[in-house]
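A short write-up of the structure that comes next.
The values are calculated or read from the model by the stated rules, or taken from the named source; none is laboratory data. Quick caveat: nothing in here was measured; it's all calculated off a predicted structure. Neighbour counts are summed over all protein chains in view; Cβ atoms, including those assigned to glycine, are modelled from backbone coordinates with ideal geometry.
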Amino acid sequence: MSPRLLALTVAFFAALALLAVPLGRHLARTFEAPLRPWERRVLTLAGVDPDRPHTWRDYALAALAFTLVTHVTTYALLRLQGALPGHATGLRAVPAWLAFNTATSFATNTDWQSYAGESTAGDLAQTVALTSQNFFSAAVGLCVAIALLRGLSRRETDALGNFWLDLVRAHLFVLVPGSAVLAVFLASRGVVQTLDGPAVWRTLDGAVQSVPRGLVASQEAIKMLGTNGGGFYNANSAHPWENPDALTNLAEMLAIFALPAALCVTLGEYVKNRRHGAAVFAAMTLLALAGVCALGHFEHQGNPLLAALGVDVTAGNLEGKELRFGVDASSLFATVTTDASCGAVNAMHDSFMPLGGLVPMLNIQLGEVVFGGVGSGLYGALVYVVLAVFLAGLMVGRTPEYLGRKIDRRDVRLAALYVLVPAFTILVGAAVAVVTDAGRAGVLNTGAATVNAPWGAHPHGLSEVLYAYSSAAGNNGSAFAGLTAFSAARPVFYSLTLGVAMFVGRLPLMVLALALAGSMARKKQTPPGIGSLPVEGPLFVALLVGVIVVVGALTFFPALSLGPIVEHLQLTAAGGAR
């Protein structure tokens, strides 16, 4: 780890810890506050009874209904683009399959974009459809996490709160004020925020260049705070009008982790055990630090092929990176954005060294529980906590307990399904893509064809496909950009299959988390015994980290061996490295 990366990482996590404590306590106060008179009036006018608590099934149905309605609305706005006001002259409707993929992407908090945002979506689609979805999808994830925390803190009840009341509070007391503060800061640093139309310049050779502008700062703020990731510009946070300098880069990284880290503190507040929340935070931080160290190390090594040609690689692998950020800030950003379900990028992950690119891919494949998305990171981490406690109980021959509740067969089944569903989606989706003509047509790095591998079977091509389905099922949205997911020749395959992966990676997992919340809330609470596993302290942190790493490694190591690991071995052998 270079001294610069070490200093940047220490400063980042120190600032994150200072931010997480007050924000986490604010979340606990916000969602457990007494019903305000104006909240009652607003919800009553909307046809909602705010005094009616939801069971886990009611909560799940409300969350699914809201997600599907916003999905259909976004799809309609993209398809009607050009016929509605607020669009640039000549902007066409988004094709059906791309509109489906995009609407699914933003409704599931994935924000995968297989198009150039500034030239595909007009101001109306960018602000009303996409920016609104950034709020909606983040709020739904936050609400599900709060419902799970209620399930862990309540006993002998079916009540998990009211989804619609939680949804209002998530917007008005968390996402909107937080995004407003961040948007003002970003705009003050040079992030574009205007409806004046494109900027037009005359180039040195006399041509005219037009660069689209829009409400970028406000979209950038919720893009980061909501761990969404869809950029106004195709270059995303590598674009100087989205991320101008080192201060905005640091602020955007902090925004990505702010709510997921704060929810660890909120966990401690709900279960009346702040040390448990701190232990979960510590486990996530250790995994994040491991990713930063590994990615920074491999990117600082440079390309051995260039070294063999006598090129000085002491600056590291600078391909695909903005020089104003360099290897260090790019490595930290890539780790943060893939630990969380954000997907914003300030460097091209496709250009990383093979084992450098493995790090963000593995971050996603672990379930994005290293802080993770807004809400989804915490409830994913708590699923792993249940598995860790279950395994600890097996090792000592006692019925496993978590926070005074017995972990039964139903709880373990729900946790196992939560882990298996996205893994199955990633591996099956990638396998189908590499054995079909439609899937192979989008792969850039196919290598030389042979009798046994007629399409080439280059390991980097496999990495492109594997990363795409990992990103979709993990609701991340970043990509190995070499994959052409929406080509004119074969526009349907990736738009449809990745869209399905996004749905599977979001909606069933929310339902499973809520089912687990309902199961825990109905249980009686018993005082911990001599054989109970303490859920705070170094032993618990080590166990939780071990379970997360082992489950991820056992599931994805064979596929990673055929992709980035083989590519690394080929590259070092070709460069003459030992």
- prompt: Does residue 217 satisfy the criteria of being surrounded by fewer than 24 Cβ atoms within 10 Å (Cβ to Cβ), among the hydrophobic types (A, V, I, L, M, F, W, C), within 22 Å of residue 347 (Cβ to Cβ) and in contact with a strand residue (DSSP E or B) (Cβ under 9 Å, 6 or more places away or on another chain)?
  reply: no
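Going through the stretch 534-578 one residue at a time, which ones are small (Gly, Ala, Ser) and over 25 Å from residue 299 (Cα atoms)?
537, 542, 546
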field: Candidates 316, 310, 291, filtered to the one that is within 22 Å of residue 480 (Cβ to Cβ), of a type in the set (Gly, Ala, Ser) and over 20 Å from the mean Cα position of the chain (by Cα)
entry: 316
message: Which residue is surrounded by the most Cβ atoms within 10 Å (Cβ to Cβ), if the candidates are limited to the stretch 244-276 and must be among the β-branched types (Val, Ile, Thr) and closer than 22 Å to residue 109 by Cβ?
response: 256
Pick from the stretch 1-48, criterion assigned to a helix (DSSP H, G or I) and among the hydroxyl-bearing types (Ser, Thr, Tyr), ranking: surrounded by the fewest Cβ atoms within 10 Å (Cβ to Cβ): 44
query: Under 8 Å by Cβ, and 6 or more places apart or on different chains, what pairs join a residue from the stretch 198-227 that is more than 23 Å from residue 125 (Cβ to Cβ) with one that is β-branched (Val, Ile, Thr) and assigned to a strand (DSSP E or B)?
result: 201/208; 201/211; 202/208; 208/200; 209/200
field: Qualifying residue in the stretch 527-547 (condition: polar (S, T, N, Q), farther than 29 Å from residue 421 by Cβ and surrounded by 14 or more Cβ atoms within 10 Å (Cβ to Cβ))
entry: yes
task: Just one of (1) at pLDDT 95 or above; (2) surrounded by fewer than 18 Cβ atoms within 10 Å (Cβ to Cβ) trips up residue 512, so point out which.
output: (2)
Elements of type helices (runs of 4 or more DSSP H) in the stretch 300-387, at least 1 residues being at pLDDT 90 or above: 326-339, 354-365
- request: Evaluate the following for residue 183: is it more than 21 Å from residue 383 (Cβ to Cβ) and in contact with a His (Cβ under 8 Å, 6 or more places away or on another chain)?
  value: no
statement: Log entry, pairs with first residue in the stretch 21-32 being over 9 Å from residue 266 (Cα atoms) and in contact (Cβ under 8 Å) with a residue 60 or more places away in the chain, second being assigned to a helix (DSSP H, G or I) and not acidic (Asp, Glu), beta carbons closer than 7 Å, six or more apart or on different chains, reads 30/169; 30/173; 30/174; 31/146; 31/169
message: Can you pull out every residue in the stretch 230-251 that is under 14 Å from the mean Cα position of the chain (by Cα) and within 30 Å of residue 282 (Cβ to Cβ)?
response: none
query: Is it fair to say residue 420 is among the hydrophobic types (A, V, I, L, M, F, W, C), surrounded by fewer than 14 Cβ atoms within 10 Å (Cβ to Cβ), closer than 27 Å to residue 372 by Cα and at pLDDT 85 or above?
result: yes
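Is there a residue being aliphatic (A, V, I, L, M), buried (at least 20 other Cβ atoms within 10 Å of the Cβ), more than 25 Å from residue 141 (Cβ to Cβ) and modelled with pLDDT of 90 or more anywhere in the stretch 463-470? Steps first, please.
So in the stretch 463-470, the residues aliphatic (A, V, I, L, M) come out as 465-466, 468.
Now restrict to residues that are buried (at least 20 other Cβ atoms within 10 Å of the Cβ): 465-466, 468.
Within this subset, residues satisfying the condition of being more than 25 Å from residue 141 (Cβ to Cβ) are 465.
Restricting the remaining residues to those that are modelled with pLDDT of 90 or more gives 465.
Yes; the residues of the stretch 463-470 include at least one that is aliphatic (A, V, I, L, M), buried (at least 20 other Cβ atoms within 10 Å of the Cβ), more than 25 Å from residue 141 (Cβ to Cβ) and modelled with pLDDT of 90 or more.
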query: In the stretch 68-76, is there at least one residue being more than 24 Å from residue 225 (Cβ to Cβ), assigned to a helix (DSSP H, G or I), modelled with pLDDT of 90 or more and among the β-branched types (Val, Ile, Thr)?
result: yes
- prompt: How about the stretch 114-132: which of its residues are modelled with pLDDT under 75, under 18 Å from residue 217 (Cβ atoms) and β-branched (Val, Ile, Thr)?
  reply: 127
